[in-house]
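The values are calculated or read from the model by the stated rules, or taken from the named source; none is laboratory data. Because the structure is a prediction, the values reported are computed rather than measured. Glycine gets a Cβ as well: all are built from the backbone with ideal geometry, and neighbour counts include every protein chain shown. With ligands, DNA and RNA removed, areas are computed over all heavy atoms of the protein, side chains included. Shrake-Rupley method; radii C 1.70, N 1.55, O 1.52, S 1.80 Å.
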Amino acid sequence: MTTHKFIAGDVFPAIQLPTLDNNLINLSEPLNGADWKLVVVYRGKHCPLCTRYLNELETLKSRFLELGVDIVAVSGDSEAQLTSHMTQLSVSFPIAYGLTIEQMQMLGLYISEPRSEQETDHIFAEPGLFVINEKGQVQVIDISNGPFVRPDLNVLLSGLEFIRNPENNYPIRGMYN
């Protein structure tokens, strides 16, 4: 199997997916007056660590928005799975569903098969996080091959505060291949 390595500084692809309010959302397009976007890819309803992470992200949403960073989460779950998952989530940011295998590969995500039908009924992406700047470029990338490794959201927030401060003139890192 071949994988695509998503490069820091690349333009994030215009991926449009549905949300439960019957809208299509462009994952890379900031809303709510923000000029940057945080895209969180989570494994799906079957993952309790994802549920906890998304609920924790909600507690920091206003601080991200103060920095001009809008939030969206996405998984390969179906509409029915997301609807069911919402009973465990207390979030107000948009969550898109139906991320395809091709889109997962385009983003360079690790992809897994379920261990059993009790886990889930489809192939799913392992966690990924992308911060997209005002030029549409990926400023920060974090991709994991398992549910146990994800960026600490407070550390991420602190880092984005530093990056977004014009006095620091902080470039996109990791662009040398």
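Which one is least open to solvent (accessible area, probe 1.4 Å) among residues in the range 125-168 that are among the polar types (S, T, N, Q) and part of a strand (DSSP E or B)?
Only one residue tops the list, namely Q139.
If G9 meets every condition in (1) open to solvent by less than 20 Å² (accessible area, probe 1.4 Å); (2) within 15 Å of the chain's Cα centre (by Cα); (3) within 22 Å of F162 (Cα to Cα) apart from one, which number is that one?
All conditions pass for G9, except number (2).
Matching residues to (1) farther than 17 Å from R150 by Cβ; (2) part of a loop (DSSP other than H, G, I, E, B):
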| site | (1), (2) |
| --- | --- |
| L65 | yes, no |
| V72 | no, no |
| T87 | yes, yes |
| Q103 | yes, no |
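Name the residues in the range 89-101 that are at pLDDT below 95 and assigned to a loop (DSSP other than H, G, I, E, B), would you?
Hit for the range 89-101 is T100, nothing else.
Test H4 against the stated conditions and say whether it is open to solvent by 20 Å² or more (accessible area, probe 1.4 Å) and not small (G, A, S).
On the way: open to solvent by 20 Å² or more (accessible area, probe 1.4 Å): yes; not small (G, A, S): yes.
Yes; evaluated as a whole, the condition is true for this residue.
Considering only residues that are within 22 Å of F6 (Cα to Cα), in contact with a Phe, Trp or Tyr (Cβ under 8 Å, 6 or more places away or on another chain) and either among the hydroxyl-bearing types (S, T, Y) or part of a loop (DSSP other than H, G, I, E, B) (or both), which ones fall in the range 105-117?
Within the range 105-117, L107, G108, S112 qualify.
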